[in-house]
Amino acid sequence: MKDKLKNIVNEFVEAIRATKTEADVFNVKAKYLGKKSDLFTLIADLKNMSTEDKKEYGKLLNNIKKDIEEKINRRIEELNNDKKIIFDDTLPVKRTVGSLHPVTIVAKEVTDILKSMGFIVMDGVEMESDYYNFEALNIPKNHPARDIQDTYYLDNDMLLRTHTSPNQVRAMETYGAPLRVCAPGRCFRNEDLDHSHENTFFQLEGMIIDENVSIGNLIYVMEGLLKAVFKQDVSVRLRPGFFPFTEPSFELDCSCLICGGKGCPTCKGSGWIELCPCGMIHPKVLEMSNIDTKKYNGFAFGLGLTRLAMMKYKIDDIRVLNSGDIRKISEFNIE
Ligand code: DAH
């Protein structure tokens with residue numbers, strides 16, 4: 001009897017080791033624990049044994065049964081775990097290639113065009129001091145112009161810059177006059193979000209300081225820049241504007257390329273998009289940064305890079321650009 005049991009156990013161990021699928025395990029289970037199994041017959045025979053044998057073999061058979069059940073369960077678990085890490089290298093692998101972000105593309109295009117006009121490109125900081133973001137741009141504390149540039153004030157007395165204009169000051173301090181500089185970068189404002197407003201957006205600051213700079217120079221540079229970016233003739237219009245750091249100040253609009261000027265949510269129905277506020281640099285700003293105003297004057301502009309990307313790629317909602325949703329971004333025809 002004991003030899004028979006030993007054989008059953010050995011045979012079972014071999015059989016369970018050879019299983020490859022759950023179905024194999026169930027077959028082994030049926031063979032070694034099922035109603036037609038040797039073990040089942042032996043257990044059923046217990047009742048015909050003497051009380052002494054019943055005691056001895058009853059315990060032995062029960063232990064063997066339990067052991068077999070345990071091994072079966074463990075094997076099922078093992079196979080399930082293996083299933084999770086199976087790597088089928090015959091499956092086709094879909095490789096997708098990313099692209100630069102639309103804003104990165106236009107930033108590169110604009111800076112390339114400006115470089116060809118003799119501008120240098122400079123990098124600023126996103127965490128600015130009140131002095132560079134406001135004071136040195138002729139926006140003193142309590143000036144109403146601060147209201148429309150509410151931002152995120154940090155614990156260390158710094159703030160997230162509301163525009164790229166602080167780079168005007170940094171450039172004048174670093175390089176002096178004459179100067180042709182541009183500075184693309186990320187800006188932040190405490191905004192109510194809609195189709196065309198985001199709390200995080202990109203601008204490109206540009207300035208020329210030289211002798212006898214005129215508004216005609218400003219218009220010429222801006223028109224040339226936009227034509228080169230859109231690679232088509234775009235209508236631009238200049239409206240009077242107000243900025244404490246330019247005098248006179250202008251709003252430069254371009255016709256909305258999303259709706260062709262008919263009016264849509266992006267241009268708020270006007271057919272025009274405010275793209276580039278600009279103006280002649282206020283003498284006070286030049287003086288604060290030690291530029292000799294008897295000799296030099298200049299113009300500056302703050303191009304809305306995010307808006308430019310929206311126009312160029314016909315993106316009708318600014319929020320898509322920061323969403324990180326690749327399905328949306330890949331819908332644009334980025335060459
Ligand atoms: N920094 C201004 C803003 O974000 C835009 C601006 C206006 C920039 C006039 C300029 C400028 O350089 O000359 O609202």
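The values are calculated or read from the model by the stated rules, or taken from the named source; none is laboratory data. Note that the structure is predicted; figures quoted are calculated from it, not measured. Because the Cβ atoms are built from the backbone with ideal geometry, glycine has one as well, and the counts that use them run over all protein chains shown. All accessible areas refer to the heavy atoms of the entire protein, side chains included, with ligands and DNA or RNA removed. Shrake-Rupley method; radii C 1.70, N 1.55, O 1.52, S 1.80 Å.
Structure notes:
- Taken together, the residues in the stretch 161-197 that are away from the ligand (no atom under 14 Å from the Cβ), under 25 Å from the mean Cα position of the chain (by Cα) and of a type in the set (Val, Ile, Thr) amount to 0.
- Matching residues in the stretch 297-316 - criterion: being outside any helix (DSSP H, G or I), touching a strand residue (DSSP E or B) at 6+ places or on another chain (Cβ under 9 Å) and open to solvent by 30 Å² or more (accessible area, probe 1.4 Å): Asn297
- Residue match in the stretch 237-253 (condition: crowded, with 20+ Cβ neighbours inside 10 Å, assigned to a strand (DSSP E or B) and modelled with pLDDT under 95): yes
- Pairs with Cβ under 6 Å, 6+ apart, first in the stretch 290-310 and over 18 Å from Pro102 (Cα atoms) and among the hydroxyl-bearing types (Ser, Thr, Tyr), second open to solvent by 10 Å² or more (accessible area, probe 1.4 Å) and in a loop (DSSP other than H, G, I, E, B): Tyr296/Ala177
- For the stretch 317-335, filtered to residues that are part of a loop (DSSP other than H, G, I, E, B) and free of Cβ contacts under 8 Å to residues at least 60 places away in the same chain, the residue that is most open to solvent (accessible area, probe 1.4 Å) is Glu335.
- The single condition from (1) within 16 Å of the ligand (Cβ to nearest atom); (2) surrounded by fewer than 18 Cβ atoms within 10 Å (Cβ to Cβ); (3) farther than 21 Å from Ile113 by Cα; (4) among the small types (Gly, Ala, Ser) that Ser214 fails is (3).
- Among the residues of the stretch 193-233, those identified as among the hydrophobic types (A, V, I, L, M, F, W, C) and touching a Ser or Thr at 6+ places or on another chain (Cβ under 6 Å) are Phe201, Phe202.
- Scanning the stretch 11-54 for residues that are among the β-branched types (Val, Ile, Thr) and either touching a residue at least 40 places away in the same chain (Cβ under 8 Å) or open to solvent by 90 Å² or more (accessible area, probe 1.4 Å) (or both) returns Val13, Ile16, Thr19, Thr21, Val25, Val28, Thr51.
- Tally of residues being more than 13 Å from the ligand (Cβ to nearest atom) and not polar (S, T, N, Q) across the stretch 144-159: 8
- Selection count, the stretch 262-296, where residues are of a type in the set (Phe, Trp, Tyr) and either at pLDDT 95 or above or closer than 20 Å to Pro166 by Cβ (or both): 1
- Ala23 meets each of the listed conditions (1) at pLDDT 90 or above; (2) over 36 Å from the mean Cα position of the chain (by Cα) apart from (1).
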